[in-house]
Amino acid sequence: MGTATATPTETFTEKFRQIGNVPTLPTAATRALAIVNDPNCSIRDFSKIIETDPALGTSLLKLVNSSFYSGGTKISDIHNAIVRLGLRETQNLILAVSVRSVFRWMPKGQEAERDRLWRHSSLTGVLSRQINEKLGFGFKGEEFSAGLSHDLGRIMLAVGYPDVFCKLANQKTTDENHLLRLEMEMLGFTHPELGAWLTTMWNLPDELTEAILYHHDPAKAPRHAVLAATVSLAEELANFMEMTKQVEGANISHNPGWSFMCSQWESVDNLDAELFANAIMSDAVTEAETLSLLSA
Ligand SMILES: [Fe+2]
Ligand SMILES: [Fe+2]
């Protein structure tokens, strides 16, 4: 679906430079995301970086004290927050807070669409987490980050190509293939390519960029197809839940992510697809508190 071609990096960079809006990650977030992959990184180094950005620190403390992560005792400093969460989960939350901040780049007048897209993105993140848990893929939070960021390209469409974004939003459809075809017709590229450009610019991990680029065609992902397939299935279920307001009865048999998983593992192929989807969706709903916290 047009996503396997090289990302037209120069075109996007030039475009966003012209409109003066190349979205950036907060400096502290960039440094924190880079340092966490350093095996010599200590919690002290990590917390020092986060403390340079009060807004980031406040968001982290709010999350760690939410009932989703809380162990009962209130945590009021970054160092202890990281001890409770662990470096990896802290990294995921920094990314979540950063992705949330990108939504604020969307132009005025698009508030309803922005909120809808945020709900869709965070739901896809939580569903990705459920799929990983139930199928034992062994991801350690990158599936949540990938689900949350999968449609960053749509936000970039709203920022750089507002007319096209409006036309697509007015379609009022969740038929992803139809939307991708329209993007190709109107622009010659798709929102997965635009999203992958952004995460490449931000130097985010390759697995995240690949999951974004191939979330509509996971089998084509060269190295991280399972992550892309997880996001593909999660997105389908998110669309189903948003459209029907139900957590039962989704037909995932034609989803490319599900098909990929079935082709890789007999144990997945043997599952009752409908029951599996129902379990994923109803458990995702119980994580709703995380979503509302992130949206605050
Ligand atoms: Fe999506
Ligand atoms: Fe998408």
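The values are calculated or read from the model by the stated rules, or taken from the named source; none is laboratory data. What you see is a predicted model; the values in this text were computed from it and never measured. Ideal geometry is used to build each Cβ from the backbone, glycine not excepted, and the neighbour counts take in all protein chains shown. Surface accessibility is based on the protein's heavy atoms, side chains included, excluding ligands, DNA and RNA. Shrake-Rupley method; radii C 1.70, N 1.55, O 1.52, S 1.80 Å.
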Checklist entry - Say we look at region 22-37 and pick out the residues that are farther than 13 Å from Pro205 by Cα and in a loop (DSSP other than H, G, I, E, B); which of these is most open to solvent (accessible area, probe 1.4 Å)? => result Thr24
Next on the checklist: Name the residue that is modelled with the highest pLDDT, counting only residues in region 208-248 that are of a type in the set (Val, Ile, Thr) and more than 14 Å from the chain's Cα centre (by Cα).
Outcome noted: Val226
Checklist entry - Is it the case that some residue within region 106-116 is open to solvent by 30 Å² or more (accessible area, probe 1.4 Å), under 22 Å from Leu227 (Cβ atoms), within 16 Å of ligand 1 (Cβ to nearest atom) and part of a helix (DSSP H, G or I)? => result no
Next on the checklist: Can you say whether Trp265 is open to solvent by 10 Å² or more (accessible area, probe 1.4 Å), under 15 Å from Lys134 (Cα atoms) and within 16 Å of ligand 1 (Cβ to nearest atom), as far as the supplied structure shows?
Outcome noted: no
Item to check | Failed condition for Ser128, given (1) within 16 Å of ligand 1 (Cβ to nearest atom); (2) surrounded by fewer than 24 Cβ atoms within 10 Å (Cβ to Cβ); (3) of a type outside the set (Val, Ile, Thr) | outcome: (2)
Checklist entry - Here are some conditions: (1) away from ligand 2 (no atom under 13 Å from the Cβ); (2) over 14 Å from Ile212 (Cβ atoms). Ser145 meets all but one. Which one does it not meet? => result (2)
Next on the checklist: When you check Ile82 against the structure, is it within 16 Å of the chain's Cα centre (by Cα) and open to solvent by less than 10 Å² (accessible area, probe 1.4 Å), yes or no?
Outcome noted: no
Item to check | Complete set of residues in region 207-241 that are touching a Lys or Arg at 6+ places or on another chain (Cβ under 7 Å) and assigned to a helix (DSSP H, G or I) | outcome: Glu210
